[in-house]
Amino acid sequence: MNIKSLLLGSAAALAVVSGAQAADAVVAAEPEPMEYVKVCDAYGTGFFYIPGTETCLKIGGQFRYEKKFKNLAGPLTPTYYYHHSRARLHVEAKNDS
């Protein structure tokens, strides 16, 4: 009889605790999403407005890296490595005049 009352008491305590946690939940209104980047469609794709101005900006670029190696005679000769990299940045700003 002692084990049965212990199990029933534990189940009742668990039900009370889980019910108390559910009552403590606070429902807050979700804030409106902030728009950090405003898209500029006037000049094509990829443009966005600079904040606080009516100027549209597009940033792009390219990066290229090459690595070549050459072993002249065989496995006991040194291996030569050639590294080459190139970067290009493209910035375009447009505004109605």
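The values are calculated or read from the model by the stated rules, or taken from the named source; none is laboratory data. Owing to the predicted nature of the structure, the values given are computational and were not obtained by experimental measurement. Side chains included, ligands, DNA and RNA excluded: accessible areas come from the protein's heavy atoms. Shrake-Rupley method; radii C 1.70, N 1.55, O 1.52, S 1.80 Å.
Just a few scattered comments:
- The figure for ILE50 is an accessible area of roughly 60 square angstrom, using a 1.4 Å probe on the protein chains alone.
- Ranked order, ARG64, ARG88 - accessible area, probe 1.4 Å, largest first: ARG88, ARG64
- Ranked by solvent-accessible area (1.4 Å probe, protein heavy atoms only, all chains present), the residues THR53, THR45 order from largest to smallest as THR45, THR53.
- Listed by chain and number, the aspartates and glutamates placed with their C-alpha closer than 16 angstrom to that of LYS58 are ASP41, GLU92, ASP96; residues fewer than eight positions away on the same chain are left out.
- Region 23-75: equivalent-ellipsoid semi-axes (sqrt of 5 x gyration tensor eigenvalues, Cα, Å): 48, 27, 8
- Residues whose placed amide H lies under 5 Å from that of CYS40, excluding near-sequence neighbours: PHE47, PHE48, TYR49
- Only protein heavy atoms count here; under a 1.4 Å probe, LYS67 has an accessible surface of about 120 Å².
- Accessible surface for GLU66 stands near 50 Å², nearest 10, in the context of the full protein assembly shown (1.4 Å probe).
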